[in-house]
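Worksheet for the structure shown next.
Values quoted throughout were computed directly from the atomic coordinates according to the rules given, and no laboratory measurement underlies them. Bear in mind the structure is a predicted one, so any value in this text is a computation, not a measurement. Note: ideal-geometry Cβ built from the backbone for every residue, glycine included; neighbour counts use all protein chains shown.
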Amino acid sequence: MTSFSTANLTTARPLVFDIKRHALEDGPGIRSTVFFKGCPLSCLWCQNPESIDPGPEIGFYPRDCIKCGDCVQTCPVSACALEDPFLIDRERCTRCGDCVEACPGRALRLIGRFYPVDELVDILLRDKIFYEVSGGGVTFSGGEPTLFMDYTSAVLKVLKDSGIHTAIQTNGFFAWEEFGEKILPYVDLIMFDVKLADAGKHREYTGQSNKPILTNLKNLLAERAEAVLPRIPLIPEFTATVENLRSISDLLKGLGVKKCSLLPYNPTWISKAENFGKNVDPRLSRHLLTPQELKKYRDIFSWSELVTF
Ligand code: SF4
Ligand code: SF4
């Protein structure tokens, strides 16, 4: 059992940065995916860089900027500058959102909104017919949905009562006892990320230890093996190395896993990170994996059913 707690990382009012309707890649069938803001890990390669910080953030989308200068005039702390490239001084910015209100082109957007449980459920149930005809449902993603156990649990319960298939995508860094009580009874599919087998590299590249994650994975497999789908992100030079993938493969095999997912790297996240003023580690690739690389990595998991959505 893990005595680890995320209590100091949670917020009472989780923010959602996107609700993707008619999603086809976040579990079986047609789904709605709810993306929370806030994550206890800070992976160098995070595909949703706007999801790490639990607070509201200002995104800048250069293609929509007409260089009118209204944001510069409006900002009460002079954090906007009409330089090339356009600059928000992220240290100075208080995230008040005044520039977003002033921007005529939606080049500046406030990311992160709180939805009361009833409102979120209402939105998710609008697509019930699509879930039913396709074998789909609702997926909670992020960020990290288990950072908000009470809120996520409340929404999951209503969805289960309505006969909806439910799934979560988790980094596995959660308090086991609380997860077992508030999430596990209401979720049909747990997509569980396994990034790095080496403890030192895991801490270096994600900011956290992999020890509680691997303990939670073992606990989950012991309790609900049929509901767990381990997912391995393929990040060139970081997770996608033969050494790391062989170690993860051996680990999963040893735990009796029968199926898993490999998540091919997609470099489009880099421009998204830049929109949010995040630094991108220069070691991260700006290219897709080649078919030969993908085959080499899939071959390491040839003992497993490889699930793709
Ligand atoms: S959010 Fe507020 S403080 Fe930040 S740049 Fe916009 S106006 Fe300035
Ligand atoms: S207000 Fe919006 S469109 Fe005008 S300069 Fe600022 S970011 Fe660009």
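Observations on the structure shown:
- Annotation: the residues V155, V242, sorted from fewest to most other C-beta atoms within 10 Å of their own C-beta, follow the order V242, V155.
- Here region 201-309 yields Rg over Rh of 0.99, to two decimals, using C-alpha coordinates and the Kirkwood radius.
- Amide hydrogen neighbours beyond the local backbone of A240, cut-off 5 Å, H modeled: I235
- Extent along the principal axes, Cα only, for the chain: 61, 45, 39 Å, with the longest axis given first.
- Sorted fewest first by neighbouring Cβ atoms within 10 angstrom, T241, T170, T33 come out as T241, T33, T170.
- At most 10 other Cβ within 10 Å, DSSP loop - trypsin sites (Lys or Arg not before Pro), region 181-228: none
- Among the listed pairs K211/K295; K211/K253; K201/K296; K259/K296; K128/K278, those whose Cα-Cα separation exceeds 26 Å are K211/K295; K128/K278.
- Evaluated with a Cβ-only charge set (Lys, Arg +1; Asp, Glu -1), region 57-110 carries a dipole of roughly 140 debye about its Cα centre, given to the nearest 20.
- Stretching C96 away from T268 to a fully extended chain increases their span by 59.1 nm, per 0.36 nm per residue minus the current alpha-carbon distance.
- If you plug the beta carbon distance of I123 and L82 into 1/(1 + (r/R0)^6) with R0 = 30 Å, you get a FRET efficiency near 0.20.
- Positive contributions from Lys and Arg (+1) and negative ones from Asp and Glu (-1), summed over other residues with Cβ under 14 Å from the Cβ of K211, come out at +3.
- Relative contact order (percent, whole number), region 169-309, Cα cutoff 8 Å, 6+ residue spacing: 23
- GNM on the chain, alpha-carbon springs under 10 angstrom: the most fluctuating residue among A167, A273, A102 is A102.
- Kirkwood's formula applied to the C-alpha pairs of region 57-110 gives a hydrodynamic radius of 10.8 angstrom.
- Protection proxy ranking of 38-45, 55-62, 247-254 - average other beta-carbon atoms within 10 Å, highest first: 38-45, 55-62, 247-254
- Relative contact order [Cα under 8 Å, 6+ residues apart], region 57-110, whole percent: 50
- Contact order for the chain, expressed relative to its length and based on alpha carbon pairs under 8 Å spaced 6+ residues apart, stands at 20 percent.
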